[in-house]
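First the structure, in the form of structure tokens, and then the observations on it.
Computed from the coordinates by the stated procedures, all read-outs in this text should not be read as laboratory data. Keep in mind that what you see is a predicted model, and the values were worked out from it rather than measured. All Cβ positions, glycine included, derive from the backbone under ideal geometry; neighbour counts span all protein chains shown.
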Amino acid sequence: MKKKAIYALFLSLFLLFSSVNPVFATKSTTATVPVTLTVSNEYRAVNVTVPASLPVYVINGTVVVADNAKITNNSKTGAVQVTGVSVTDGAFRVGDYDNFAGTKTIALKINGCSTKGAGYVSINASAFPVIAAQGSMSLKYYAKVSGDAQNAENIQAANVVFTISIVN
């Protein structure tokens, strides 16, 4: 970016000095001044909606999750894609979904990609395909919760972070 700024400054000074019209003390004179336009479209905002939460309920030992979670691309043009998913501990420790064990533990499987513990989840493009402009992608998720979970309501058991990138 610094290199572009120096180049733009040099170009502006060149245009300024090359288009100077001398003015003499006569009745009137005219001067033509160029209007220079620079357009840089390197920035495009990501405009997506992600779920406010991924609710998990344990009802008489059965784990129930929402079936309507989705990520929506609100942009009128341009596609986006989930390029990263991480899950961090909350009130519960994030565990390994495939080899679930532990106390006060929760594990998730999102679009077929399982937690192995807290941190990044290994994802792939087929599990998280490109989302076209004004399109959406369903989030199918499952959870496992350790049997020592006490009766409670609205506990922030874990946190899911989605990284969403623009697709060229």
Modelled label-to-label distance, residue 28 and residue 153, 7 Å Cα→beta-carbon offset: nm? 8.1
Output for segment 58-113 (equivalent-ellipsoid semi-axes, sqrt of 5λ from the C-alpha gyration tensor, Å, descending) is 29, 15, 10
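Counting only Cα atoms, I'd like the Rg/Rh figure for segment 48-167, Kirkwood definition for Rh. Don't skip to the end; give the middle numbers.
Details: Rg = 14.9 Å, Rh = 14.9 Å.
Reported Rg/Rh, Kirkwood definition of Rh: 1.00.
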Per-pair calculated FRET efficiency, R0 = 41 Å: residue 57 and residue 79 via Cβ, rounded to 0.05: 0.75
Rounded to the nearest 0.05, FRET efficiency between residue 165 and residue 142 (Cβ-Cβ, R0 22 Å) equals 0.30
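Give me the percent relative contact order of segment 48-167, please, defined on Cα pairs under 8 angstrom at least 6 residues apart. Mind showing how you got there, number by number?
Working: 270 pairs, mean separation 43.0, N = 120.
It rounds to 36 percent for segment 48-167.
Please compare each pair in 70/140; 109/144; 116/144; 109/140; 76/140 to a cut-off of 20 Å on the Cα-Cα distance and tell me which ones are over it.
76/140
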Computed ³J(HN,Hα) along segment 130-139: with the Karplus parameters 6.51/-1.76/1.60, θ = phi - 60°, integer Hz and x for glycine or proline, the list is 4, 10, 5, 3, 6, x, 9, 10, 6, 10
